[in-house]
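The structure appears right after this line, and notes come after that.
The values are calculated or read from the model by the stated rules, or taken from the named source; none is laboratory data. Owing to the predicted nature of the structure, the values given are computational and were not obtained by experimental measurement. FYI the Cβ positions are ideal-geometry reconstructions off the backbone, even for glycines, and counts take in every protein chain you see. The accessibility values were calculated without ligands, DNA or RNA, using every heavy atom of the protein model including side chains. Shrake-Rupley method; radii C 1.70, N 1.55, O 1.52, S 1.80 Å.
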Amino acid sequence: MARMTMIESIRSAMDVAMEKDPNVVVFGEDVGYFGGVFRCTQGLQKKFGSQRCFDAPISESGIIGAAVGMAVYGLRPCVEIQFADYVYPGYDQLASEASRIRYRSAGEFTVPMTVRMPTGGGIFGGQTHSQSPETLFAHVSGLKTVIPSNPYDAKGLLIASIEDDDPVMFLEPKRLYNGPFDGHHDRPVTPWKNHELGEVPEGYFTVPLGKAATRREGSDVTVLAYGTMVHVALAAAEETGVDAEIIDLRTILPLDLEAIEASVRKTGRCVIVVEATKTCGFSAELMAVVMEGCFHHLEAPVIRVTGWDTPYPHAHEWEYFPGPKRVGAALKKVMEHT
Amino acid sequence: MSKKKSEPGSLSLYVPEPECRPGDHPDFSEMLIPKAGEARKPPVDVDPMDIHDLAYSVIRVLNKKGEAVGPWAGELDDDALLEGLRHMMTLRAFDARMQMAQRQGKTSFYMQALGEEAVACAFRMAMKPGDMNFPTYRQQGLMIAGGYSIETMMNQIYSNELDPMKGRQLPVMYASQEFGYFTISGNLATQFIQAVGWAMGSAIKGDTKIAAGWIGEGSTAENDFHSALVFASTYKPPVILNVVNNQWAISTFQGIARGNAATFASRGLGFGIPSLRVDGNDYLAVYAVAKWACERARLNLGPTLIEFVTYRAGAHSTSDDPTGYRPKDESSTWPLGDPIERLKAHLILKGEWSEERHTQAKAQIESEILQAQKAAEKHGTLHNGPHAPAGSMFDDVYKEPPIHLIRQRQEAGL
Ligand SMILES: Cc1ncc(C[n+]2csc(CCOP(=O)(O)OP(=O)(O)O)c2C)c(N)n1
Ligand SMILES: [Mg+2]
């Protein structure tokens with residue numbers, strides 16, 4: 001075991017995967033010599049050579065399109081999009097191509113590729129370094145979408161994603177890279193080295209896609225969250241004293257329906273916490289899943305806490321970001337209903 | 001690094017590498033630098049087929065001694081040159097102040113144009129009121145040379161209560177209809193095709209206005225660059241397609257976008273677009289080429305592509321440290337020199353300027369910038385406020401807020 005930040009564990013995942021399988025290649029903007037603007041690929045070019053880890057031209061459609069072609073050839077590309085906000089030029093290759101190649105060829109061709117990207121806000125990045133576009137992937141049949149909340153999961157899930165035979169979108173909450181940010185932006189963040197989930201095996205292991213984790217057991221209310229919002233929800237539960245059961249979804253597609261249903265049937269209440277905008281966001285899907293699977297067990301209306309339906313602002317970041325205060329208020333509100 | 005000659009069955013991938021990395025001695029000896037004055041100047045209605053050579057050469061006016069030579073010289077009088085010098089010095093002083101303000105925690109982020117001041121400053125002087133630029137984050141020189149208020153730029157950088165963008169955008173993402181500065185996007189290259197569309201609009205309406213699109217050499221890899229060339233070559237609208245080749249795209253050298261072959265200017269040739277390459281650190285050359293292209297556009301002769309050969313002397317942004325990927329002294333060995341020093345030398349040679357006047361002007365500009373900074377800071381900085389009212393975050397998503405936004409704003413208590 002070693003203590004790792006999320007950056008180090010993601011790097012370690014690619015390192016282990018590249019060592020294990022010579023078909024794994026890594027490329028993207030600034031990922032080669034420099035090792036990525038967040039340093040997630042640092043050292044990989046030196047270790048594996050520039051045939052397996054290299055800089056790409058600034059073309060997201062090129063990066064994803066080339067990855068699709070390599071995957072079809074038989075490699076397992078793991079590419080980086082510098083920020084999730086920049087994935088859109090590559091969206092056609094995802095929504096029309098990567099997602100459907102297995103289906104339209106009845107399995108003749110497949111796309112075992114992973115597309116990594118930093119996601120989410122909390123760094124004063126303004127509207128083009130803060131977005132959470134996971135719904136745009138989860139809505140496309142044929143893509144898998146993973147969003148880890150800690151170094152341990154990030155490594156295990158990334159290796160599992162690279163080894164998966166379908167295209168996987170791997171979204172890394174950038175505000176969690178160095179510590180479990182809980183939304184209290186005015187306090188220092190505990191570094192991962194002081195957190196149990198910062199303890200990560202150095203070698204090979206996987207965390208299966210499609211399995212949620214219970215971060216806190218509780219009997220009052222189920223909180224459904226992923227990424228940064230897991231830590232915000234944990235803080236809100238501590239601060240309000242509400243005995244919340246906090247489910248970290250880890251992958252939103254495939255979604256662990258059984259874990260969600262079991263918890264909500266047990267607690268009878270549910271709060272959904274998602275950083276992305278509200279309308280048609282993944283929070284709406286979670287709400288529908290709870291209604292379809294647990295309606296007769298509910299003792300209170302389900303509440304969503306999300307980003308507002310505006311572009312992500314710069315100066316008003318903390319009025320926008322769904323922090324522990326808003327989540328705490330939702331927890332109390334859902335408990336008031338008798 | 002050249003691709004090895006291979007036997008069948010032993011393919012390998014060619015990955016371009018820069019000449020030097022940290023620890024190496026910077027070396028630009030491979031770079032083609034024609035003598036100043038050497039490049040010919042064709043008439044503006046030239047057949048693009050006849051000027052292919054200009055896409056591979058470098059149009060230069062100022063020679064080593066500081067003299068203006070050749071057919072592209074003589075476009076600017078002394079007053080205009082002195083004004084140009086002042087614009088570039090203002091831009092440099094402004095950048096240095098704002099860089100420092102970011103370091104002092106007064107804002108989140110900053111991007112300098114250090115070393116490439118001549119490109120935007122000189123180009124702006126060839127444009128007219130009503131024309132529109134679609135810039136990147138590194139063309140603040142268009143604002144400064146256009147006479148936009150420095151204090152207002154600072155208000156934007158601080159996201160303070162007077163920020164015209166109401167705190168919504170990252171620093172340097174200015175916008176002004178009046179000053180011909182289209183709102184900056186963080187998403188690279190999107191503006192390039194929009195510039196073409198704007199110019200098509202002007203043409204459709206039988207207007208007289210022209211547009212300039214701007215893009216970094218790294219971003220020419222994006223699809224929008226290629227879309228812009230197609231539309232510009234098909235409809236021949238009054239647009240100038242500017243590629244600022246400052247050698248670097250964050251840590252990525254220009255060979256990754258270009259493949260170490262051809263030039264960025266030559267990208268235009270396949271589309272039949274007249275394409276010129278110019279010394280971007282030569283104020284006189286930049287202006288002359290800009291004027292040539294603007295004239296073509298105004299005469300309804302269609303688009304021009306220009307590659308400005310320059311060097312990003314500073315870090316990519318305040319989030320970047322270039323010592324991790326290029327030699328420390330690479331910028332000081334850049335063979336095309338510094339744009340301010342070169343114009344200054346030219347003016348001194350002409351007897352229009354002196355070291356003393358330069359030192360005085362520098363001090364005066366710096367004090368003006370400092371005054372503007374003090375005035376801006378009275379209206380707030382990023383972390384200390386005041387900002388636009390937080391509720392204004394919900395404005396301008398649409399012209400009229402739909403009911404769900406009205407409710408969300410109430411829920412937010414703003
Ligand atoms: C679509 C998109 N992809 C990636 C980025 C991240 N990014 C910001 S600036 C930059 C480098 C751009 O280099 P270049 O076009 O040469 O312009 P320069 O910064 O040198 O002026 C990159 C990759 C982005 N902003 N938008
Ligand atoms: Mg560049």
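Observations on the structure shown:
- In Hz, Karplus ³J(HN,Hα) per residue of segment B:176-181 (6.51, -1.76, 1.60; θ = phi - 60°; x = Gly, Pro): 7, 4, 4, 9, x, 10
- Estimated from the Cβ-Cβ distance and a Förster radius of 45 angstrom, the FRET efficiency linking B:S227 and A:R265 is about 0.30.
- Across segment B:197-266, Cα-Cα pairs more than 16 Å apart make up 51 percent of the total.
- Equivalent ellipsoid semi-axes - Cα gyration tensor, segment A:202-262, angstrom: 22, 14, 9
- Per-residue Karplus couplings for segment B:21-29, computed as 6.51 cos²θ - 1.76 cosθ + 1.60 with θ equal to phi - 60°, are listed in order as 10, x, x, 7, 8, x, 9, 10, 5 Hz, Gly and Pro entered as x.
- Each of B:A375 and B:E83 was given a label point 7 Å from its Cα along the Cα-to-Cβ line. The distance between the two points is 2.1 nm.
- Summed buried accessible area for A+B [probe radius 1.4 Å, Å², rounded to 100]: 3400 Å²
- Solvent-accessible area of B:H379 with every protein chain in place, 1.4 Å probe, in Å² to the nearest 10: 60 Å²
- Loop trypsin sites (Lys or Arg not before Pro), segment B:114-216 (other Cβ atoms within 10 Å of the site Cβ: 13 or fewer; DSSP): B:K205
- Accessible-area ranking of A:L75, A:L253, largest first, probe 1.4 Å: A:L253, A:L75
- Segment A:213-336 - accessible surface per residue (Å², probe 1.4 Å): 35 Å²
- For chain B, the Kirkwood hydrodynamic radius comes to 22.5 Å, computed from all pairs of different C-alpha atoms.
- Phi angles across segment A:83-94 convert, under the Karplus curve 6.51 cos²θ - 1.76 cosθ + 1.60 with θ = phi - 60°, into 3J(HN,Hα) values of 9, 3, 4, 9, 6, 4, x, x, 5, 4, 5, 7 Hz, Gly and Pro given as x.
- Per-residue SASA entry for A:F170, accessible area with 1.4 Å probe, Å² rounded to 10: 0 Å²
- Cα centroids of segment B:17-31 and segment B:330-345: 18 Å apart.
- Carbon plus sulfur fraction of accessible area for chain B, probe 1.4 Å, in percent: 52 percent
- Look at where the Cα atoms of segment B:96-121 and of segment A:128-202 average out, and the two centres are 32 Å apart.
- Alpha-carbon centroids, segment B:130-178 and segment A:247-275: separation in whole Å: 45 Å
- Sorting A:D186, A:D243, B:D47, B:D320 by solvent-accessible area of protein heavy atoms yields A:D186, B:D47, A:D243, B:D320, largest first, with a 1.4 Å probe.
- Estimated FRET transfer efficiency (A:K332, B:E400; beta-carbon r; R0 41 Å; 0.05): 0.75
- Residues losing 10 Å² or more accessible surface upon assembly, segment A:305-324, compared with the chain by itself, 1.4 Å: A:W308, A:D309, A:T310, A:P311, A:P313, A:H314, A:A315, A:H316, A:E319
- Stretching the chain fully between A:K325 and A:T279 yields a gain of 14.4 nm (0.36 nm per residue, less the alpha carbon separation).
- Segment A:2-200: radius of gyration and largest Cα-Cα distance (Dmax), Å: 16.1, 53
- 17 Å cut-off, amide nitrogen to a point 7 angstrom out along A:T110 Cα→Cβ, residues in segment A:65-87: A:68-78
- Take chain B with all the other protein chains still there, run a 1.4 Å probe, and you get 42 Å² of accessible area per residue.
- Relative compactness, chain A, computed as alpha-carbon Rg over 2.2 N^0.38 Å: 0.96
- For segment B:350-414, the list of trypsin sites (Lys or Arg not before Pro) that fall in a loop by DSSP and count at most 12 other C-beta atoms within 10 angstrom reads B:K378, B:K399.
- Each 5 Å bin from zero holds the following percent of Cα-Cα pairs in segment A:213-336: 2, 12, 24, 26, 20, 10, 4, 1, 0.
- Under 5 Å, built H, 5+ apart or other chain: amide partners of A:T145: A:M169, A:I252, A:L253
- Each 10 Å bin from 0 upward holds the following percent of the Cα-Cα pairs of the protein assembly as shown: 3, 13, 22, 24, 19, 12, 5, 1, 0.
- In this view, the solvent-accessible surface of B:D207, computed with a 1.4 Å probe and all protein chains in place, comes to about 70 Å².
- Cβ-derived FRET efficiency at R0 35 Å, A:V189 paired with B:R21, nearest 0.05: 0.55
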